[in-house]
Amino acid sequence: MPVEEFVAGWISGAVGLVLGHPFDTIKVRLQTQNTYQGIVDCIRKTYRHESVLGFFKGMSFPIASVALVNSVLFGVYSNTLLALTATSHQERRAQPPSYTNIFIAGCTGGLLQAYCLAPFDLIKVRLQNQTEPRMQIGGSEPRYRGPVHCAVSILREEGPQGLFRGSWALVLRDTPTLGMYFVTYEGLCRQYTPEGQNPSSGTVLVAGGFAGIASWITATPFDVIKSRMQMDGLKGRKYRGMLDCMASSFRQEGIGVFFKGMTLNSARAFPVNAATFLSYEYLLRLWR
Ligand SMILES: C[N+](C)(C)CCCC[C@H](N)C(=O)O
């Protein structure tokens, strides 16, 4: 089983992650708290109250976990394609796999990575939603002191299943949309690359960026539900389950609720996924 894909997936995921984290924090806050008027208001309040550090809340844990999560995504994707088409990453330029196989491999990678991602993502969301400024003497103490304290508290108060709250919504968010992610990436690369050649860096950047946008736009409705389910449980349970969360969010806030954070998800998706695919392709060519 080729391991390069796992390592390349890990490094490229980390590069993308740091770039996109400030967008992500603002998005999570807009999706789960109703105290902001919009993107600009949320940025302004976060900055005024918590300084630049506020935008990077909850990042250390994803950095550690992206190793696992992105390497599972790219590693499983590539190895599923290998199983389906009997071609390795290098051979795929000469013998391009069908879009159906790419979609199946992407969904498989998406499904498995969603399970690895679930607890890390939950901790990230809980930390991002703590709006108390850091290091303020006499100020109110945040509920969680950091990722480890957060994990231990959840385990103690909500049990192991507490760490997987929202994981159904996460699986539904990621499985089809990651299939689409790889189909969009491959489709755009093929469109702009002469047959049998490797795509240029510019093509990889643009194809990666648009693959990210396409998959995030379709993923946003389940992303909102996922974030809300993850925050549920912090102060008692508000929702009886995923369907109840969807119904009650819709009832209270209308159809628009399912598109909360879409602009930010798309704005974040371009740089993050352009950087992810460029470093992934670059590393694999380097090791060939
Ligand atoms: C499928 N969905 C769009 C939800 C996630 C796509 C993940 C790709 C990349 N790690 C990123 O954070 O943008």
- For the chain, longest principal axis from Cα atoms; helix 99-128 axis from its Cα atoms; angle between them, nearest 10 degrees, is 20
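Which value results when the Cα radius of gyration for region 116-239 is divided by 2.2 N^0.38 Å?
Details: Rg = 19.5 Å, N = 124, 2.2 N^0.38 = 13.7 Å.
Against the compact-globule rule of thumb, the ratio is 1.42.
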- Item | Rounded Å value of the spacing that divides the Cα centres of region 180-231 and region 80-125 | 13
- State the number of lysine pairs found in the chain whose Cα atoms come within less than 18 Å, restricting to pairs 8 or more positions apart or on distinct chains. 12
- Query: For region 21-145, what is the charge dipole size about the Cα centre, in debye to the nearest 20, if Lys and Arg each add +1 at the Cβ and Asp and Glu each add -1 at the Cβ?
  - Reply: 280
- Taking Rh as the Kirkwood radius computed over alpha-carbon pairs of region 187-288 and applying Stokes-Einstein at 37 °C with viscosity 0.692 mPa s, one gets a diffusion coefficient in µm² s⁻¹ of 206
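What's the extension gain from PHE56 to GLN252 if we count 0.36 nm per residue and subtract their Cα-Cα distance? Intermediate results must be reported in sequence, preceding the final value.
On the way: separation 196, 0.36 × 196 = 70.56 nm, distance 3.05 nm.
My answer for the length gained is 67.5 nm.
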- Task: Work out the charge dipole of region 1-50 with +1 on the Cβ of Lys and Arg and -1 on the Cβ of Asp and Glu about the Cα centre, then indicate which of TYR47, THR25, VAL7 is farthest towards its positive end.
- Result: TYR47
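Taking the solvent-accessible surface of protein heavy atoms with a 1.4 Å probe, what is the per residue accessible area of the chain in Å²? It would help to have the intermediate numbers written out before the result.
Working: 13500 Å² over 288 residues.
Dividing the accessible area of the chain by its residue count gives 47 Å².
Within the accessible area of the chain, what % is carbon and sulfur when the probe is 1.4 Å and the other protein chains stay in place? Kindly include the intermediate steps, with their values, before the conclusion.
Working: 8770 of 13500 Å².
Here it works out to 65 percent.
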- Message: Eigenvalues of the Cα gyration tensor times 5, then square-rooted: what semi-axes does that give for region 1-126, in whole angstrom, largest first?
- Response: 36, 14, 12
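From largest to smallest, what semi-axes in whole angstrom does the chain give when each is the square root of 5 times an eigenvalue of its alpha carbon gyration tensor? Please report the intermediate quantities before stating the final value.
Details: eigenvalues 235, 75, 67 Å².
Here the semi-axes work out to 34, 19, 18 Å.
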- On Cα atoms only, tilt of 262-286 relative to the major axis of the chain in degrees: 40
- Return the whole-Å distance between the Cα centroid of region 1-44 and the Cα centroid of region 261-288. 12
- Query: So for the chain, taking the charge dipole from beta-carbon charges (+1 Lys/Arg, -1 Asp/Glu), which of THR100, GLN90, GLY241 sits furthest toward the positive end?
  - Reply: GLY241
- Cα-centred dipole magnitude for the chain, charges only on beta-carbon of K, R (+1) and D, E (-1), debye, nearest 20: 800
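For the ranges 46-53, 81-88, 183-190, what's the packing order if you count other beta-carbon atoms within 10 Å of each residue, average per peptide, and put the highest first? List each step's numbers first, then the result.
Numbers: 46-53: 13.8, 81-88: 16.0, 183-190: 19.8.
In decreasing order of mean packing, 46-53, 81-88, 183-190 become 183-190, 81-88, 46-53.
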- Highest-fluctuation residue, LEU163, LEU264, LEU155 considered, GNM on the chain with Cα pairs under 10 Å: LEU155
- Could you work out the relative contact order of the chain, using alpha carbon pairs under 8 angstrom and six or more residues apart, expressed as a whole percent? 27
- Query: GNM on the chain, C-alpha springs below 10 Å: top fluctuator among GLY38, GLY58, GLY209?
  - Reply: GLY38
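The values are calculated or read from the model by the stated rules, or taken from the named source; none is laboratory data. Please read these numbers as outputs of a predicted model, since none were measured by experiment. As a convention, Cβ positions derive from the backbone with ideal geometry for all residues, glycine included, and neighbour counts pool all protein chains shown. Each accessible area value is taken on the protein alone, full model and side chains, heavy atoms only, with ligands, DNA and RNA left out. Shrake-Rupley method; radii C 1.70, N 1.55, O 1.52, S 1.80 Å.
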